[in-house]
1. State the number of residues belonging to segment B:214-244 that are of a type in the set (V, I, T) and buried (at least 18 other Cβ atoms within 10 Å of the Cβ).
2. Within 16 Å of A:L42 (Cβ to Cβ), more than 19 Å from the chain's Cα centre (by Cα) and modelled with pLDDT under 90: which single residue out of A:R214, A:R231 fits that description?
3. With respect to the numbered conditions (1) under 13 Å from B:L93 (Cα atoms); (2) out of contact with any helix residue (DSSP H, G or I) (no Cβ under 9 Å at 6 or more places or on another chain); (3) hydroxyl-bearing (S, T, Y), which one is the sole condition not fulfilled by B:S237?
4. How many of the residues making up segment A:105-119 are away from every other protein chain (no Cβ under 14 Å) and part of a helix (DSSP H, G or I)?
5. Are any residues in segment A:11-44 closer than 14 Å to A:R219 by Cα and either assigned to a strand (DSSP E or B) or out of contact with any Lys or Arg (no Cβ under 6 Å at 6 or more places or on another chain) (or both), and if so, which ones?
6. Can you tell me which condition A:G126 does not meet? The list is (1) on the phi > 0 side of the Ramachandran plot; (2) at pLDDT below 90; (3) within 18 Å of the chain's Cα centre (by Cα), and all the others hold.
7. Given the structure, is B:S211 within 14 Å of another protein chain (Cβ to nearest Cβ), farther than 18 Å from B:Y78 by Cβ and surrounded by fewer than 24 Cβ atoms within 10 Å (Cβ to Cβ)?
8. So which residues in segment B:58-89 are surrounded by fewer than 17 Cβ atoms within 10 Å (Cβ to Cβ) and either under 18 Å from the mean Cα position of the chain (by Cα) or under 20 Å from B:Q145 (Cβ atoms) (or both)?
Amino acid sequence: MSQPAIALQSVVKEFPLRRGTAVRALDRFDLQIADGEFVAVLGPSGCGKSTVLRLVAGLDTPSEGTVTIEGARPADLVRGHRLGVAFQEHALLPWASARANVELPWKVAGRPVDTARVDELLELVGLTGFADARPRQLSGGMRQRVAIARALALTPDVLLLDEPFGALDAVTRRRMNLELARIWAEERITTLLVTHDVDEAVLLADRVVVMTGRPGRVRHTESIDFPRPRRTEVTRDPAFHEIVDRLTRLLDESDEPGHSDAAA
Amino acid sequence: MTLAEESERIVRARAAAPVRRPAPRTGGVVRRVVSRYWTIAVLLVGWQLWASLNGYNRIVVPQPGEVVADVVGNSGAYLPDLLATLGMSAAGLLTGMAAGVALAVAVWTSPLVSGMTTPIALIMRSVPVVAMIPVLARVFGYGWQTVLVITTIVSFFPAFVFVAARLRDAPRSTSDVFAVLGASRVTVLRRLLLPHAVPGLLVAFRLTAPSAVLAAMLAEYLMGGRGLGVLFAQSVSFYQPERAWGTALVATVVSVACFVGARAVERRGLARMT
């Protein structure tokens, strides 16, 4: 890769506790994501993987080391409205319709709403018939789809996903993962996904980064080479299960005593 | 902050309450009216018995029939004063709540403003309205201006507290989304915090509407001018017991109607905003 789209270089992040003491969430963490690459960061809860995402999103700043996106600081991309984000909580505006929620990024950026693009996004996430429904009238899966449509609205340079389906039941979650695989195959945006679900990471990502328990470091990197678009057949491939098993074992080990003073 | 939690709790509970029930059959309606409002009938019967069994004459306790007859038969005598009181209450409610929202936004804008205004707001709340009326009357004159000032003061505080609390406790993840989208502070206020504060404003409205009417009447009663408070004071001094009791009856009905109306507005608003 020439210049990585996202680069974290020996990033340390400490959160101050009571006087003087601090907890170290990340310790010399390195990660590079190429342009158009989908990287999943996998780790036990409390390992600092959400911190990685918050640093890239410009919501936190590193204690040491640097975080750059396309050579610039995350805050610069934020100012240019070039980041898209979706969290575990859908974070939709409850008083606004699905359509109005998807339109939010344009309004925040002070740009005229691209109605055709909104229609396209609602169709992409399969909610054309629900454009006028408000979040409370939608199911959990539908709300997350609206949140993802909103994240994609301004065709961001970087898409950040923090366990976007973490609050859904297993069946819906699986369906949403396949859906996201399809959506991503169409949009191909540089993406950072943070999750503790191994199947989700392997199904979606080009590369899976497994973290250690706190303080978080990179423990293992796995390239996933299944062809895209990935459909449900991929999840029945023995190779898929072999990778999932191996990564799950790595996760279990990083959860073992000695590694894990990292309880959530 | 406990106030924030309190407002959140109220808003949650209200939002969870059923908005509309399916229309019941006629028999059901009668049963529902009886089951809900039987206390009113008991009160009227008790009033009647109390007056007739003790043999009170109409100067001491007029009978319910006479009072209702006066209200219905001479509604022209009540109406101008009723409208004056309602107008003052509504105007005070509007300016007071607007001032409360404005100050809540100002406090959100800067901690300096917060340090300056919150103690003043607390003092205004802690001193009972009755104690303030003579002072305010001296300052603003014995007229409608002072009535308006008093209803404004009464309406101000709940709006200020509940809106300020809601402005501070927008959901973290939604605030994060706005931050990542590159929203300015004004945009966050306009597109996230103010709509998020509407349920708090609705709670304040329900709490305030009846007391604004009460405050208007109290001020009128103590200062003169126009309104139900004046009507009551005058009918007492001119030995018109039916008129005096009728005024009290009208005031009671108006207060209850204000509460019920405000609650309906609140429920509708919450269903829309959450």
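1. So the count comes out to 1.
2. A:R214
3. Just one mismatch for B:S237, condition (1).
4. Final tally of qualifying residues: 5.
5. A:L26, A:D27, A:R28, A:F29, A:D30, A:L31, A:A40, A:V41, A:L42, A:P44
6. (3)
7. Here the answer is no, as B:S211 does not meet what is asked.
8. Of everything in segment B:58-89, those that are surrounded by fewer than 17 Cβ atoms within 10 Å (Cβ to Cβ) and either under 18 Å from the mean Cα position of the chain (by Cα) or under 20 Å from B:Q145 (Cβ atoms) (or both) turn out to be B:P80, B:L83, B:G87.
The values are calculated or read from the model by the stated rules, or taken from the named source; none is laboratory data. Keep in mind that this is a model prediction, so the values were computed, not measured. All Cβ positions, glycine included, derive from the backbone under ideal geometry; neighbour counts span all protein chains shown.
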